[in-house]
Amino acid sequence: MSLASALAEFRRLEAAADPLTPERFLRFSDAELLAIGFSRQKARYGRAIAAAIVEGSLDLDDLAVVDDHDVRRILEAIPGIGRWTSTIYLLMVLGQPDVWPAGDMALATSVGEVKELGHRPGPAEMELLGEAWRPWRSVAARLFWHEYLARRRTTRG
């Protein structure tokens, strides 16, 4: 999914929920979520996250005070949340300074282009390349993402 389509879907969700809360999300029917743009699988995952928050098994405030390993463990216990999502949560929401989403395709594409590798590195190679920016890999990731978006903006028009 592109950033633009994800943003459009999120805006439709916000408009339909108003306000968007876990409880409100759980009240959406399958048909309503499909109309917003959710696939059946995404709807199931969204419901799992919302239910975990409502039931108390996921306390988002608590994630800010546990170590990265526990954040990953807690998040990845919820259906639909895997390594990429927990990594992005650490980087973007919790603002951890040394997170390197080695499996992110845009990041890998940008690293390959900037370093003129001639290919998009895979996750194992990305892990090795990321070591150069430790302990500030999150900063490096943000710069590479910025470059990725800027390069595509200038090549499209």
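The values are calculated or read from the model by the stated rules, or taken from the named source; none is laboratory data. All values reported here derive from a predicted model rather than from experimental measurement. Quick reminder, even Gly has a Cβ in these numbers, built from the backbone with ideal geometry, and neighbours come from all protein chains shown. We work out accessible area using only protein heavy atoms, side chains counted, and drop any ligands, DNA or RNA first. Shrake-Rupley method; radii C 1.70, N 1.55, O 1.52, S 1.80 Å.
Tabulated data
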quantity: Accessible-area value, Thr85, 1.4 Å probe, nucleic acids and ligands omitted, Å²; calculated: 60
quantity: Rg [Å, one decimal], Dmax [Å, integer] - the stretch 1-110, C-alpha atoms; calculated: 14.8, 40
quantity: J(HN,Hα) series, the stretch 111-116, from Karplus relation 6.51 cos²θ - 1.76 cosθ + 1.60, nearest Hz, glycine and proline x; calculated: 4, x, 6, 5, 8, 6
quantity: Dipole in debye (nearest 20) - the stretch 42-125, about Cα centre, beta carbon charges: Lys, Arg +1; Asp, Glu -1; calculated: 460
quantity: Dipole magnitude of the chain about its Cα centre (Cβ charges: Lys, Arg +1; Asp, Glu -1), debye to nearest 20; calculated: 720
quantity: Radius of gyration and maximum dimension Dmax of the stretch 19-71, Cα, Å; calculated: 13.0, 39
quantity: Using alpha-carbon coordinates, inclination of helix 40-55 to the longest axis of the chain, degrees; calculated: 70
quantity: Stretch gain in nm, segment Arg27-Trp84, where the contour uses 0.36 nm per residue and the Cα spacing is subtracted; calculated: 17.8 nm
quantity: Chain lengthening between Leu117 and Ala16 when straightened (0.36 nm per residue, less Cα-Cα); calculated: 31.9 nm
quantity: Which of Lys42, Lys115 is most accessible, then next, and so on - probe 1.4 Å; calculated: Lys115, Lys42
quantity: P(r) weight above 17 Å for the stretch 80-141, C-alpha pairs, percent; calculated: 36
quantity: Sequence of His69, His119 when ordered by accessible area, the most exposed leading, probe 1.4 angstrom; calculated: His69, His119
quantity: Leu60, Leu33, Leu129, ranked by accessible area, largest first (probe 1.4 Å); calculated: Leu60, Leu129, Leu33
quantity: Cα-centre dipole for the stretch 1-89 with unit charges at Cβ (Lys and Arg positive, Asp and Glu negative), debye to 20; calculated: 500
